[in-house]
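The structure under discussion appears below in the form of structure tokens.
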Amino acid sequence: MRALEKRYRTVHALRGVDLDIAEGEFFALLGPNGAGKTTLISLLAGLARPSAGSAAVMGHDVVRDYRLARRSLGVVPQELVYDAFFTVREMLRFQSGYYGLHRNDAWIDELLENLSLADKADAYTRTLSGGMKRRLLVAQALVHKPPVIVLDEPTAGVDVELRQSLWAFIRRLNREGHTILLTTHYLEEAEELCERVAMLKEGRIVALDRTVNLLRREDEQRLELVLS
Ligand code: ATP
């Protein structure tokens with residue numbers, strides 16, 4: 001990302017973001033409500049256009065080559081969006097078809113197994129609990145095995161045990177070479193999982209460091225960065 005900006009009428013959501021995330025990295029974008037995290041993800045996914053500046057995913061410009069950029073990306077969105085008229089498996093097959101993957105059942109089964117949804121494969125999505133819907137969103141984001149996985153506050157509403165198994169799975173994907181970008185409000189989550197952390201505040205990156213270095217900072221200073 002270079003000098004990336006996004007304005008919505010009166011709101012200046014991103015004010016010149018420069019950021020490079022390396023292939024294979026586990027990176028956290030930390031920031032309070034309204035900092036611009038979701039906006040940044042929308043730009044990467046081609047759901048909104050930058051007002052200025054540029055961004056690329058796996059070398060694909062998010063405006064010029066948005067189809068290729070989007071294909072390189074699997075986004076786990078913050079809101080629970082799902083289609084109530086499909087079963088879990090139908091939903092994942094339908095999405096596989098969108099990506100031209102017509103023999104994807106082995107990977108779908110693996111995803112369902114790893115996300116503790118195997119026994120819900122034939123259940124209608126509307127019958128799932130909130131935590132299950134959230135895990136389905138993770139499966140949907142991964143159905144085309146994207147090299148880059150973006151998780152927008154994925155553990156909201158997921159209980160502690162499932163959170164741990166979700167992170168174990170995401171860590172495994174990272175070890176297998178996937179690049180992970182996680183947004184979170186929680187410094188502890190970023191500390192536990194990520195190699196590097198950027199703090200976004202009012203559309204600007206106010207700190208960018210390796211997580212271990214950030215940990216060495218005084219508690220007060222860290223708190224100030226997160227909350228102020
Ligand atoms: P949260 O942690 O609460 O999800 P965030 O860091 O993801 O916050 P964004 O959702 O990117 O923040 O919002 C950044 C700013 O842009 C906010 O002031 C928000 O109100 C504004 N904003 C986001 N989307 C739109 C939109 N579609 N139209 C107008 N303003 C928007």
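The values are calculated or read from the model by the stated rules, or taken from the named source; none is laboratory data. Predicted model, so just to flag it, every value in this text is computed and none were measured. As a convention, Cβ positions derive from the backbone with ideal geometry for all residues, glycine included, and neighbour counts pool all protein chains shown. Note: accessible area is taken over every heavy atom of the protein model, side chains too, but ligands, DNA and RNA are not part of it. Shrake-Rupley method; radii C 1.70, N 1.55, O 1.52, S 1.80 Å.
Please pick out the residue among PRO154, PRO146 that is away from the ligand (no atom under 16 Å from the Cβ), part of a loop (DSSP other than H, G, I, E, B) and surrounded by 19 or more Cβ atoms within 10 Å (Cβ to Cβ). If you could, list the steps in order and put the result at the bottom.
Details: PRO154 fails: away from the ligand (no atom under 16 Å from the Cβ).
On inspection, the qualifying residue turns out to be PRO146.
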Quick check on region 3-18: of everything there that is farther than 11 Å from SER51 by Cβ and either more than 9 Å from the ligand (Cβ to nearest atom) or touching a helix residue (DSSP H, G or I) at 6+ places or on another chain (Cβ under 6 Å) (or both), which residue is least open to solvent (accessible area, probe 1.4 Å)? VAL17
When (1) open to solvent by less than 60 Å² (accessible area, probe 1.4 Å); (2) free of Cβ contacts under 8 Å to residues at least 60 places away in the same chain; (3) more than 16 Å from the ligand (Cβ to nearest atom) are applied to SER72, the one that fails is (2)
Answer yes or no: is there a residue in region 38-48 that is more than 30 Å from VAL160 (Cβ to Cβ), within 16 Å of the ligand (Cβ to nearest atom), open to solvent by 30 Å² or more (accessible area, probe 1.4 Å) and not β-branched (Val, Ile, Thr). yes
Answer with yes or no whether ALA55 is within 16 Å of the ligand (Cβ to nearest atom) and open to solvent by less than 20 Å² (accessible area, probe 1.4 Å). yes
Subset of region 91-130 (residues that are within 20 Å of the chain's Cα centre (by Cα), under 23 Å from ALA168 (Cβ atoms), of a type outside the set (A, V, I, L, M, F, W, C) and buried (at least 18 other Cβ atoms within 10 Å of the Cβ)): ASN114
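Go through region 58-69 and give me each residue that's out of contact with any Pro (no Cβ under 8 Å at 6 or more places or on another chain), open to solvent by 40 Å² or more (accessible area, probe 1.4 Å) and among the aliphatic types (A, V, I, L, M). Break it down into steps so the answer makes sense when it comes.
To start, the set of residues in region 58-69 that are out of contact with any Pro (no Cβ under 8 Å at 6 or more places or on another chain) comprises 59-61, 64-69.
From what is left, the residues that are open to solvent by 40 Å² or more (accessible area, probe 1.4 Å) are 59-60, 64-68.
Residue satisfying the conditions is LEU68 alone.
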Taking GLU79, is it within 13 Å of the ligand (Cβ to nearest atom), charged (D, E, K, R), open to solvent by 50 Å² or more (accessible area, probe 1.4 Å) and free of Cβ contacts under 8 Å to residues at least 24 places away in the same chain? yes
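Return the residues of region 1-18 that are among the aliphatic types (A, V, I, L, M) and outside any loop (DSSP other than H, G, I, E, B); say none if nothing qualifies.
If the condition is that a residue be among the aliphatic types (A, V, I, L, M) and outside any loop (DSSP other than H, G, I, E, B), then ALA3, LEU4, VAL11, ALA13, LEU14, VAL17 are the ones that fit.
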